[in-house]
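Please read the structure below before turning to the comments.
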Amino acid sequence: MSATRLILVGGFLGAGKTTLLTEAATRLIRRGKRVGLLANDQAPDLVDTEVFKTSGAGVEEVAGGCFCCRFPDMITAMERLLQHSRSDVILAEPVGSCTDLSATVLQPLKDRYRDRFEVAPFSVLIDTTQVCALARLPATTVPAAPPRFPDKVLYIYEKQLEEADAIVLNKVDLLSPEEVSGLKQALATRFPEVPVFTMSALTGDGVDAWLDFVTQSQAAGRRIAQVDYDTYAAGEAALGWMNASARLRASTPVDWRTFAADTLDAIRTRLRNASGEIAHLKIFLTTPGAYVAGNITSNEGPVSVRGEIDAARSTVSLLINARVHAHPDILRAIVEEGLRATAGDRVEVTITNIRSFFPGRPEPTYRYRNTVQ
Ligand SMILES: Nc1nc2c(ncn2[C@@H]2O[C@H](COP(=O)(O)OP(=O)(O)O)[C@@H](O)[C@H]2O)c(=O)[nH]1
Ligand SMILES: [Mg+2]
């Protein structure tokens, strides 16, 4: 039996990982591959898992902690993909505030599971519109924005770049070609040995070139970053985390796209007033056969919504995931308030599960000091 290729795509919250992997799964299925998708989070009720399911690929999740701290769970989930979907490619998305994945996931996979999984180059995706504010790059053609998060959070962002086998500049549709080439040049100067790809996961531009690389190249886990776990843990714990699920029942027809956008906006307005900076805020509404998904990746950026649910559908399931520089208790209260304010009298909201917390200190199952050949 030949080994299944594992394509792991890291990168900060909101960089476009779920969008890329969903698109990549669709393209690989078209190329005749059997594809599995693996989502990951600190807690259940994952929007990403539901988005992955829209691709038609097999989907699993590790929802009790990051891949590095739940390595055996990651292996079990991948084995399930092999059994149920007979996947010959697995696309996996680690938590966006995670780093040191080369030492804690790629090296142990190469060392211990070589027979079953063939690891692809580790790609780290970055949002071109955020990179100057987050990566402290030298002045480029893109206007530098002030940092949006404390230094300990930016530390994670830097470590993610340092351990990449390939850096992928995503969302290039939002910049001019000159800005993109300026950024590409700045990254190539800073990381001279690392291939830099440019793409728009949303429009599909550049996705096939990257897919050809990660489905063929053997150069995986070539770099291990020097990570100080005290700073890393402090950076992770600076972001409040909230996952909620609810049932919605409407008494009149509802434009569910507008409902999703208005809910995100109501939460954002309240977060702004409480000085909470959004890393990623996501919503997913579903009824059998239809969905609406919405995202906000900063306090200032656009609300993006896609999908459609017929206004006549009165019973809808809802998930909200929020990763915000704010205290989890405040975050939870704001999310509930924003949702109920949007629902008003016309939509009855029954929250079935809600958790908010600061992520705990990362305690990886394995941590390799040297790269495995
Ligand atoms: N304009 C643009 N938006 C994108 C692109 N890729 C992802 N996005 C948007 O960025 C937001 C976050 O994407 P998501 O895939 O959930 O990010 P993740 O947190 O890294 O998984 C969503 O609103 C996406 O639609 C892209 O190439 N261009
Ligand atoms: Mg995601």
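The values are calculated or read from the model by the stated rules, or taken from the named source; none is laboratory data. The structure presented is a predicted model; accordingly, all values stated were derived computationally and were not measured. Cβ coordinates were reconstructed from backbone atoms using ideal geometry, including for glycine residues, and neighbour counts include every protein chain displayed. Heavy atoms of the whole protein, side chains included, go into the accessibility calculation; ligands, DNA and RNA do not. Shrake-Rupley method; radii C 1.70, N 1.55, O 1.52, S 1.80 Å.
Identify all residues within segment 259-290 that are open to solvent by 50 Å² or more (accessible area, probe 1.4 Å) and either hydrophobic (A, V, I, L, M, F, W, C) or within 16 Å of ligand 2 (Cβ to nearest atom) (or both); write none if there are none.
Within segment 259-290, just Ala274 meets the criteria.
Checking Met74 against (1) more than 14 Å from Val372 (Cα to Cα); (2) surrounded by fewer than 23 Cβ atoms within 10 Å (Cβ to Cβ), which single condition isn't satisfied?
All conditions pass for Met74, except number (2).
Is it the case that segment 299-308 has a residue that's closer than 28 Å to Pro147 by Cβ, within 16 Å of ligand 2 (Cβ to nearest atom) and free of Cβ contacts under 8 Å to residues at least 24 places away in the same chain?
Yes, that holds for at least one residue.
Residues Thr49, Thr22, Thr26, Thr99: which one is within 16 Å of ligand 1 (Cβ to nearest atom), within 14 Å of the chain's Cα centre (by Cα) and farther than 26 Å from Ser356 by Cα?
Every option except Thr22 fails the conditions.
Given (1) touching a residue at least 40 places away in the same chain (Cβ under 8 Å); (2) over 21 Å from Leu20 (Cα atoms), where does Thr287 come up short, assuming only one miss?
Here Thr287 clears every test but (1).
With the condition being of a type outside the set (Ser, Thr, Tyr) and open to solvent by 30 Å² or more (accessible area, probe 1.4 Å), I'd like the strands (runs of 3 or more DSSP E) fully within segment 164-256 carrying at least 2 qualifying residues.
Output list reads 240-250.
Which one is farthest from Thr352 (Cα to Cα), of the residues in segment 302-320 that are open to solvent by 30 Å² or more (accessible area, probe 1.4 Å) and small (Gly, Ala, Ser)?
Ser304
Quick one: would you say Ser87 is within 25 Å of Asp165 (Cα to Cα), away from ligand 2 (no atom under 16 Å from the Cβ) and in contact with a Lys or Arg (Cβ under 9 Å, 6 or more places away or on another chain)?
So Ser87 fits the description; yes.
For segment 28-47, how many residues are assigned to a helix (DSSP H, G or I) and open to solvent by 40 Å² or more (accessible area, probe 1.4 Å)?
Residues that pass the stated criteria total 2.
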